[in-house]
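Take a look at the structure below.
The values are calculated or read from the model by the stated rules, or taken from the named source; none is laboratory data. All values reported here derive from a predicted model rather than from experimental measurement. Please note: Cβ atoms are built from the backbone with ideal geometry, for glycine as well, and neighbour counts cover all protein chains shown.
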Amino acid sequence: MPFIIKYFFSCIFLCGIFSSSLAAIPKGDSLYVKGHYFEASVEYERQLFESADNSAVYALRYKKALCYKKLRNFDRSVDELQSIFFANVTDSLFQRVFYELSLCYYLNGEPFKALGKIEEYFHRSTDSTTFQVFMPLKIRCLNETQQWDRAKENFDQYVKMQNFAPDKETEILEIVNALYSKPNLPRLRSAEKAENWSRFVPGAGQIYAGKTGEGVLNLLINSSIIAFAGHQFIHKYYITGYLAGLGFFNKTYHGGMKRAATLASQKNKELLIHFNSQVNSVILDNFDL
């Protein structure tokens, strides 16, 4: 019996230690670490409701924004981050908020807004040593907006921010120079030009956008419909020729033009992603991040 009692109290003691270690981690942070991002955002919202201290409120909003970013709800993440006001730019949260805000704009397909926030940080920050944290993201945004000269200039600047040996620095600058040389830059398509090509010759816009097979198929379909409509008119089946022929052609013709513009935009996105992956490779292979 004494052994059972001692065992019982030992278990209580150990459970108490375990529960105390868990209690040391705030519930919201614990949920975030476990990957329960929605539940963590709800917990942070509850804490926000109970908190009156501005610094605590801003820290909780920042954590909520990280949850929404993980959930790929970038609009809500941006809303949370924009609600954080900094009277003192030396606040430790200042850099993290601006970086996450820029990153969320970029991930949301808004590179111009991301660049705006990066430039705002550079303008407001008093610590220029933190600028290099933003440089890889800034270079990607400049690439996305096809500002090749500015992107290369910033890449060169980023290389010079590092403490490379002279030979290493020269080597990386040569790689960057080759990467941004005209033959290696993405050959982007014009969505407007793709649409106009399909306006004059159905399927030509798709071929211009890099989808030769789809362009040829589109040309054959439209030609077949026109041939069918002509056949019907020749044999005086006017209603069938108009409704089944020209009516259907109107849809495939205009649909083909819109499709060509969409394909050109998709092709550009693929080319930019590939180019930025090359930029990432140079950074990851040579920089200590």
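Does residue 192 satisfy the condition of being acidic (Asp, Glu) and touching a residue at least 60 places away in the same chain (Cβ under 8 Å)? Against the criterion (acidic (Asp, Glu) and touching a residue at least 60 places away in the same chain (Cβ under 8 Å)), residue 192 qualifies. The residues in segment 141-168 that are modelled with pLDDT of 95 or more and among the basic types (Lys, Arg) can be counted, and the count is 2. For residue 138, the requirement of being among the basic types (Lys, Arg) and touching a Phe, Trp or Tyr at 6+ places or on another chain (Cβ under 8 Å) is not met.
Residues are listed down the side, and each one gets a yes or a no for (1) in contact with a Gly (Cβ under 9 Å, 6 or more places away or on another chain); (2) among the acidic types (Asp, Glu); (3) farther than 30 Å from residue 178 by Cβ:
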position: 49; (1), (2), (3): no, no, yes
position: 53; (1), (2), (3): no, yes, yes
position: 72; (1), (2), (3): no, no, yes
position: 93; (1), (2), (3): no, no, yes
position: 99; (1), (2), (3): no, no, no
position: 125; (1), (2), (3): no, no, yes
position: 133; (1), (2), (3): no, no, no
position: 148; (1), (2), (3): no, no, no
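Of all residues in segment 263-281, those satisfying the criterion of being crowded, with 16+ Cβ neighbours inside 10 Å, farther than 9 Å from residue 189 by Cβ and not aromatic (Phe, Trp, Tyr) are 272, 276, 279. When residues in segment 141-190 are screened for being of a type in the set (A, V, I, L, M) and either in the same structural domain as residue 275 (by TED's automatic domain parsing) or under 17 Å from residue 277 (Cβ atoms) (or both), 8 of them pass.
Being crowded, with 18+ Cβ neighbours inside 10 Å, aromatic (Phe, Trp, Tyr) and either part of a helix (DSSP H, G or I) or at pLDDT below 90 (or both) is the requirement here; does residue 253 meet it? Taking the combined requirement at face value, the residue satisfies it.
Scanning segment 210-227 for residues that are surrounded by 17 or more Cβ atoms within 10 Å (Cβ to Cβ) and over 14 Å from residue 253 (Cα atoms) turns up 210, 211.
Tallying residues that are farther than 18 Å from residue 41 by Cβ, surrounded by 21 or more Cβ atoms within 10 Å (Cβ to Cβ) and not polar (S, T, N, Q) within segment 57-102 yields 1. Of the residues making up segment 20-62, those that are among the basic types (Lys, Arg) and at pLDDT 90 or above are 34, 46, 61.
The one condition from (1) surrounded by fewer than 19 Cβ atoms within 10 Å (Cβ to Cβ); (2) in a loop (DSSP other than H, G, I, E, B); (3) out of contact with any Ser or Thr (no Cβ under 7 Å at 6 or more places or on another chain) that residue 122 does not meet is (2). The residues listed here are 76, 61, 96, 72; of these, the one that is outside any helix (DSSP H, G or I), of a type outside the set (Asp, Glu) and either farther than 17 Å from residue 283 by Cβ or touching a Cys at 6+ places or on another chain (Cβ under 7 Å) (or both) is 72. Scanning segment 153-184 for residues that are exposed (fewer than 14 other Cβ atoms within 10 Å of the Cβ), closer than 20 Å to residue 288 by Cβ and under 25 Å from the mean Cα position of the chain (by Cα) yields no hits at all. The residues on offer are 179, 115, 81, and the sole one that is in contact with a helix residue (DSSP H, G or I) (Cβ under 7 Å, 6 or more places away or on another chain) and more than 24 Å from residue 271 (Cβ to Cβ) is 81.
Scanning segment 261-289 for residues that are assigned to a helix (DSSP H, G or I), touching a helix residue (DSSP H, G or I) at 6+ places or on another chain (Cβ under 8 Å) and modelled with pLDDT under 90 yields a count of 1.
Among residues of segment 107-130 that are within 21 Å of residue 79 (Cα to Cα), those with a Cβ under 7 angstrom from a residue that is acidic (Asp, Glu), sequence gap 6+ or separate chain, pair up as 108/75; 111/144.
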